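For reference, the structure discussed in these notes is given below.
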Amino acid sequence: MKPSRIITVINGPSLSELGRRETEYYGTTTQGELIEMIEKKASIDGFTANFIQSDVEGEIVRAINSSSGSSIGIVINPAAYSHYSIAIMDAMAAFDGPVIEVHISRVFSRESFRNNLVTAKAADAFIAGAGIRGYLHAMDILYELAEMTEV
Ligand code: DQA
């Protein structure tokens, strides 16, 4: 598999609990179902998706850093870390390809602390409030941005 056909999808803390976690914000799709949707779309589009979920900031930083050179781009939902992790923002900025940040819920219509979007400063594009489908839209944007930066 050529590196140019691999994308990385990263989910942050407690997104493993999708399907039962605050369904009024995140819906009823489980993380397993989300992975299936991502893998199916990637394979139709001619890509392989590497999916990583972690509740640990350093593991997310490592996953981003180790994707450089092996993955054409990253779709990431840093979850609560979005609001304060400079470490994840720095890793996103250092990644040598496009990074799309996704939020399932409408973060701007919720508590005011969710308006503080730290990691998004290093994202090439940002999708919030589109539900689970936001990941699939982010993949399409990722392909386009990756093509634009191809030499
Ligand atoms: C979230 C929004 C964050 O504020 C929250 O901490 C999450 C999920 C979203 O997908 O809407 O865990 O990133």
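Of the residues ILE10, ILE35, ILE44, only one is β-branched (Val, Ile, Thr) and in contact (Cβ under 8 Å) with a residue 60 or more places away in the chain; which?
Selected residue: ILE10, the only one of ILE10, ILE35, ILE44 that is β-branched (Val, Ile, Thr) and in contact (Cβ under 8 Å) with a residue 60 or more places away in the chain.
For the range 110-127, what are the residues that are more than 12 Å from SER82 (Cα to Cα) and touching a residue at least 12 places away in the same chain (Cβ under 8 Å)?
ARG110, ASP124, ALA125, ILE127, listed by residue number.
Of (1) more than 9 Å from the ligand (Cβ to nearest atom); (2) open to solvent by 40 Å² or more (accessible area, probe 1.4 Å), GLU111 satisfies all except one. Which?
(1)
I need every pair where a residue in the range 14-31 that is under 16 Å from HIS103 (Cβ atoms) has its Cβ under 8 Å from the Cβ of a residue that is open to solvent by 60 Å² or more (accessible area, probe 1.4 Å) and near the ligand (Cβ under 10 Å from one of its atoms), sequence separation at least 6 or different chains.
GLN31/GLU17
Take the residues of the range 82-106 that are more than 15 Å from the chain's Cα centre (by Cα) and aliphatic (A, V, I, L, M): which is farthest from the ligand (Cβ to nearest atom)?
Checking each candidate, the answer is ALA94.
Residue check: is ALA138 over 26 Å from SER43 (Cβ atoms) and modelled with pLDDT of 95 or more?
Values: over 26 Å from SER43 (Cβ atoms): no; modelled with pLDDT of 95 or more: yes.
So ALA138 does not fit the description; no.
How many residues does the range 134-151 hold that are under 23 Å from TYR25 (Cβ atoms) and more than 12 Å from the ligand (Cβ to nearest atom)?
4
Going by the conditions given, is SER105 surrounded by 18 or more Cβ atoms within 10 Å (Cβ to Cβ) and not in a helix (DSSP H, G or I)?
Yes.
Against the condition open to solvent by 10 Å² or more (accessible area, probe 1.4 Å), assigned to a helix (DSSP H, G or I) and not charged (D, E, K, R), how does ALA93 come out, does it pass?
Values: open to solvent by 10 Å² or more (accessible area, probe 1.4 Å): yes; assigned to a helix (DSSP H, G or I): yes; not charged (D, E, K, R): yes.
Here the answer is yes, as ALA93 does meet what is asked.
How many residues does the range 114-129 hold that are open to solvent by 70 Å² or more (accessible area, probe 1.4 Å) and more than 11 Å from the chain's Cα centre (by Cα)?
Number of matching residues: 4.
The values are calculated or read from the model by the stated rules, or taken from the named source; none is laboratory data. Quick caveat: nothing in here was measured; it's all calculated off a predicted structure. FYI the Cβ positions are ideal-geometry reconstructions off the backbone, even for glycines, and counts take in every protein chain you see. What goes into the accessible areas is simple: the full protein's heavy atoms, side chains included, and nothing from ligands, DNA or RNA. Shrake-Rupley method; radii C 1.70, N 1.55, O 1.52, S 1.80 Å.
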